Each structure stands twice: as C-alpha cells, then as structure tokens.
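Step one of this worksheet: look at the structure below.
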Amino acid sequence: MDAVHTQSDPADDPAGPNAGFTPRVFSGIQPSGGLTLGNYLGAIRRFVEKQDSGIETLYCMVDLHAITVWQDPAKLRHATRELAAGYLAAGLDPTRSTMFNQSQVPEHTQLAWIFNCVARMGWLNRMTQFKDKAGKNRENASVGLFAYPCLMAADILVYHATEVPVGEDQKQHIELTRDIAIKFNTDFGVDFFPVTEPVIEGVATRVMSLRDGTKKMSKSDPSDMSRINMTDDADTIAKKIRKARTDPEALPSEEAGLEGRAEARNLVAIYAALAGSDVETVLTEVGGRQFSEFKPMLAELAVAELSPISAEMARLMEDPAAIDAILAGGAVRAREIAAPIVKRTYEIVGMVG
C-alpha cells in the first residue's frame, strides 16, 4: 500500500525530516509464542547490530499487542520472559540497550488514544495484516486487533524514535506511523513527532516456512516442522533442515536460477544470513550441488549459530526473577523518555493538568 499522506511529506525536505531529533532506534516483538529462526534473523540479530551503532536503542516485549487475540495468562507471562531471555542470549546488553515489556510503560497506551483520534478509519481499513488475521470472521475480531496499528505508532513515537528495524511485513504499519506523525504535526502546527524511517536490511528479513516456501515462518503454524524454534536442540534443528521441503533440481550458480523455486530460495537465504553473506555469493560456492549435499552444510551452520543461544536461553529461564528485574529496570529508563513526550503531547492537544 502506498502511504496515505494527507499533507505534504516532510521527508521531501532536503535537510531531512528528522534533523532536529535525537537519533533513536525502537523495535519490539510480540510474546505470543516461542521465538523462531525468523524472529532471530529478521529482527533480534539486527537489534544486536544496531546496539553497536552508537545510536540509543530501545527494545520491547509488546505484550499489549499480544492480547489483541486471547492469550492464556500463565503462557503469556512465560512467553514474555522467554522472549527477554532470547534477546539477552542473542547478545543484547541491558546496560547498553533499554529492554522492557510494553505494559510496564503506561505512556504507550496514553499516546495510543491520542493517535486513535488522529488516524482515520479508512487508513486502518487498508491494513492488510488485520484482513489476514481476522479472516472471514472480521465482525468477531477484537477492537484491539483493528486498532493496534495506532498502538504500534505510539510504541514508536512515544520515544521519538527515528529508526525502526522491521521485516517487510511491517512496512505498511511504519507508513501509517509516518502518516499519523505528519497529520498530528500538521493539525496542531508543530514539528513535534519525527517521521520515522523503517530499516529493512539483510538477506533474511522474511524467513519462510520449511514446509511451504510461499508462507512466512510462523509460530502459529500447526506443524512444528515448519519452523526452527530458538529453543530447539541441535538434533532437532538438524532433523528439521534435513526434512525441509525442496525440489529435485540442483542449486543454480546465479540468483536468477531461483526464480519460481520458493523453497530453494528460502534455504539459500537462511544459509546466507547465518553465514553473514549474500545469496549471490553463496550460490557461487554451492551452485550445481544437490540438496542432499547442501542441507547438511546448512544444518551444521545453523546448529553452530543457534545451539549456544538456545542453551543460554534455557539457563536464563531458570531465574525468572532476574529477567523480571532487568525488564523492570528497563521500564524505568523507558519512562524517563516517554513521560515528558506524552506530557508535551497532552499540552499540544489542549489537555489541562
């Protein structure tokens, strides 16, 4: 979808739309189930890279988004801690990046209500993820599921975040965040919210299912063989790769040869991402090989990269109080940024107090 710009876009300003804002990175993942390889390659590993960029980074467990569909409370608490453990095990340092869960920072929902009143129904009606998640039972979907892009905009703009590392599937929501910022600034004659930039980088920003290369790898897929979980042990990882769907053709030597071969492209992209390489380079090395040769190479690489993370996650989960303390400390730091921004937003809108 093209961005729904109702006013001129300050991104057209040659000086840059966010020249007056402190560079700041924000992103988050829903704790609505186990972490997958897709979460790791598409998000968490990039979070760690951003941590080393010299820009302030905030990373969130977006538990308020998780409850747009019903969650078992005990499982949600476990999933939130497990996600935090995944962040830590992958290399996020809570002394260098602010880590917290969304519900501990009430400013997210305070700003979301303002944005509910700025965004237009037509904008939200265009959100493809709502259509996908609601399916044919749209009338039975929660109001939260329909309106959650406004909460996502608040998640980002409550910190005046200028960059958001996201996968391709979230680009539409960042466009909506930009539209909300532009409309708010225009409606109230201010230059208060930045026009956030999506950061979509890497060869595996959208990791696909091991059983169907046309579908995103998902923790909600009923088949556990469709995904690699970050809690899988070495034997399980190797087994899933060995049984991943492929085709009978040999691997091509050039990327053009992957056209129409979704499963082949997916496995090569995963290999490239794990190896810190790119698809074209990988194909120059493995072109002409059958999958019977390539899969063991991929399994060995995946086990080497992921097994230490899964082991560290298991160790961290043995002390949930320590995880809770890290999240609580992060929430305090997050509120130090968010509270003044919400206070000023209320003043701009005309709230008294």
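For T236, indicate whether it is β-branched (V, I, T) and in the same structural domain as D63 (by TED's automatic domain parsing). Let's see the steps before the verdict.
Values: β-branched (V, I, T): yes; in the same structural domain as D63 (by TED's automatic domain parsing): no.
Taking the combined requirement at face value, the residue does not satisfy it.
For V207, work out the one condition from (1) more than 21 Å from the chain's Cα centre (by Cα); (2) surrounded by 20 or more Cβ atoms within 10 Å (Cβ to Cβ) it doesn't fulfil.
For V207, the failing item is (1).
Can you tell me which residue is surrounded by the fewest Cβ atoms within 10 Å (Cβ to Cβ) among those in the range 119-171 that are part of a helix (DSSP H, G or I) and of a type in the set (S, T, Y)? Write out each step before concluding.
Narrowing the range 119-171 to residues part of a helix (DSSP H, G or I): 121-125, 128-134, 138-140, 143-157, 168-171.
Those still in the list that are of a type in the set (S, T, Y) too: 128, 148.
Values: T128: 11, Y148: 24.
Across the range 119-171, the extreme among qualifying residues is T128.
Give me the residue from the range 290-326 that is closer than 25 Å to R96 by Cβ and touching a Lys or Arg at 6+ places or on another chain (Cβ under 8 Å) and, out of that set, surrounded by the most Cβ atoms within 10 Å (Cβ to Cβ).
Selected residue: I323.
Which is touching a residue at least 24 places away in the same chain (Cβ under 8 Å), of a type outside the set (F, W, Y), in the same structural domain as I180 (by TED's automatic domain parsing) and in contact with a Gly (Cβ under 9 Å, 6 or more places away or on another chain), of Q102, Q110?
Working: Q110 fails: in contact with a Gly (Cβ under 9 Å, 6 or more places away or on another chain).
One residue alone meets the criteria, Q102.
For the condition buried (at least 18 other Cβ atoms within 10 Å of the Cβ), under 28 Å from A234 (Cα atoms) and not small (G, A, S), what is the one hit in R81, R77? Break it down into steps so the answer makes sense when it comes.
Working: R77 fails: buried (at least 18 other Cβ atoms within 10 Å of the Cβ).
Answer to the selection: R81.
Does the range 66-73 contain any residue that is assigned to a strand (DSSP E or B) and under 26 Å from L145 (Cβ atoms)? Talk me through it step by step, then tell me what you get.
Keep residues of the range 66-73 that are assigned to a strand (DSSP E or B), which gives none.
The answer is no; no qualifying residue exists.
Working only within the range 327-341, note down all residues that are β-branched (V, I, T) and either at pLDDT below 95 or surrounded by fewer than 20 Cβ atoms within 10 Å (Cβ to Cβ) (or both).
V332, I341
Output the residues belonging to the range 27-65 that are of a type in the set (V, I, T), in a loop (DSSP other than H, G, I, E, B) and surrounded by 21 or more Cβ atoms within 10 Å (Cβ to Cβ). Can you show your working first?
From the range 27-65, those of a type in the set (V, I, T) are 29, 36, 44, 48, 55, 57, 62; that's our starting set.
Still in the running and in a loop (DSSP other than H, G, I, E, B): 55, 62.
Once the filter is applied, which keeps residues that are of a type in the set (V, I, T), in a loop (DSSP other than H, G, I, E, B) and surrounded by 21 or more Cβ atoms within 10 Å (Cβ to Cβ), the range 27-65 yields only V62.
Counting only residues that are in contact with an Asp or Glu (Cβ under 6 Å, 6 or more places away or on another chain) and either of a type in the set (A, V, I, L, M, F, W, C) or without any contact (Cβ under 8 Å) to a residue 12 or more places away in the chain (or both), how many does the range 139-184 have?
Counting residues in the range 139-184 that are in contact with an Asp or Glu (Cβ under 6 Å, 6 or more places away or on another chain) and either of a type in the set (A, V, I, L, M, F, W, C) or without any contact (Cβ under 8 Å) to a residue 12 or more places away in the chain (or both) gives 1.
The values are calculated or read from the model by the stated rules, or taken from the named source; none is laboratory data. Keep in mind it's a predicted model, so treat the numbers as computed, not measured. Neighbour counts are summed over all protein chains in view; Cβ atoms, including those assigned to glycine, are modelled from backbone coordinates with ideal geometry.
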